[in-house]
Each structure stands twice: as C-alpha cells, then as structure tokens.
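So the structure is just underneath, and the comments pick up after that.
The values are calculated or read from the model by the stated rules, or taken from the named source; none is laboratory data. Source: prediction; values computed, not measured. Note: ideal-geometry Cβ built from the backbone for every residue, glycine included; neighbour counts use all protein chains shown.
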Amino acid sequence: MIDGMKIALEEAQKAFKEDEVPVGACIIQGDQLISVGHNRREQKQQIISHAEIEAIQEASRVLGSWRLEGCDLYVTLEPCLMCAGAIIQARIRKLFYGAKDPKTGVAGSVLDLFCKKLFNHSVEVYSGIYEDRCSQILRQYFKKKREIGEVAELVEGARLEIE
Ligand SMILES: [Zn+2]
C-alpha cells in the first residue's frame with residue numbers, strides 16, 4: 001500500500017528547497033501513484049499553482065481525462081477555496097490532508113465545503129494525517145523567512161508563522 005501522505009511530504013520538502021511555501025500533494029488511484037505536485041506559486045507567479053492544482057493537472061495529463069474518478073488526493077495542508085473547487089470538479093473520491101489552516105482552509109476550518117451534500121459530487125475527507133510533520137515543515141519555512149528578514153505575506157499556512 002502506498003503511503004500517500006509520505007509522498008506529499010516529500011513534495012512539500014521540494015517546495016521548501018525551491019523557497020516556496022512548503023505544501024505538497026499527490027494523487028493515487030488504487031495502488032498506483034498517478035501524479036505529484038507542490039506549491040510553485042512564486043516560480044510561476046500564478047495564483048493557481050497550489051500543490052493540489054499542480055497534482056490535479058498532472059493527473060489529468062496522465063489519465064487523459066479531467067474526471068479523476070476513483071482517485072484520492074493527499075495534501076499536507078487543508079485546501080483553500082480554489083483547490084476545494086477543483087477537487088470537487090475533478091471528482092476526487094477521497095481527500096486526505098495533514099495540517100489545518102484556520103485562515104484559508106475550507107475542509108473544516110473557515111468553512112466546510114465537503115461536509116454537506118452541497119454539490120453533485122461529494123468527497124470523503126480525512127484530516128490530521130501526519131499533522132505534526134505537515135505543520136512542522138511550514139513552521140520551519142516561516143522561521144527561516146524571519147531569520148533572513150523576509151516578512152512572509154499572508155499566504156496559506158501563514159498562521160503557522162506566529163505559532
Ligand atoms: Zn489551494
């Protein structure tokens with residue numbers, strides 16, 4: 001059995017090394033790893049380049065379909081509104097996430113877009129997977145930013161900056 005969150009954490013580590021807010025994701029179908037992705041917003045200067053969107057776009061390329069039926073998405077941080085929309089639109093089966101994001105998370109924190117049957121597709125959500133490791137890497141990132149005197153803007157995970 002593939003450990004999806006471990007793979008997502010490895011992706012978060014890549015983002016960290018690329019000086020991006022360290023969030024990683026992957027998509028698994030059955031026992032197959034379909035795609036990985038990590039936050040690349042700064043490199044691409046694209047607001048949509050969150051880890052989840054990167055992984056969803058890659059999975060669609062791999063599978064040749066925008067419908068990711070039977071696919072499960074693992075992400076180290078609770079999804080934002082934009083990513084939650086993409087997850088629902090892509091027909092993701094199960095969402096597994098690590099750290100909560102009280103500022104922008106919509107899988108239980110600010111809102112819960114997944115709990116009610118609001119949409120034509122519902123996603124099963126599992127939270128708190130490797131929560132400590134997922135939030136620790138974000139803390140390390142913001143600590144580093146403070147040390148080099150860069151004030152991190154209010155981005156996803158930014159609340160971890162002040163913890
Ligand atoms: Zn997002």
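Of all residues in segment 25-72, those satisfying the criterion of being free of Cβ contacts under 8 Å to residues at least 40 places away in the same chain, over 13 Å from residue 11 (Cβ atoms) and among the acidic types (Asp, Glu) are 31, 42, 69. Scanning segment 108-163 for residues that are modelled with pLDDT under 80 and assigned to a helix (DSSP H, G or I) yields 158, 159, 160, 161, 162.
Per the listing 72, 101, the residue uniquely modelled with pLDDT of 95 or more, under 16 Å from the mean Cα position of the chain (by Cα), in a strand (DSSP E or B) and of a type in the set (D, E, K, R) is 72.
Evaluation of residue 12 against the conditions (1) exposed (fewer than 15 other Cβ atoms within 10 Å of the Cβ); (2) closer than 26 Å to residue 143 by Cα shows that the sole unmet condition is (1).
For segment 40-67, the set of residues classified as in contact with a Ser or Thr (Cβ under 7 Å, 6 or more places away or on another chain), hydrophobic (A, V, I, L, M, F, W, C) and within 16 Å of the ligand (Cβ to nearest atom) consists of 55, 59, listed by residue number. Just one of the listed residues (47, 88) is loosely packed, with under 14 Cβ neighbours inside 10 Å and either assigned to a loop (DSSP other than H, G, I, E, B) or not small (Gly, Ala, Ser) (or both), namely 47.
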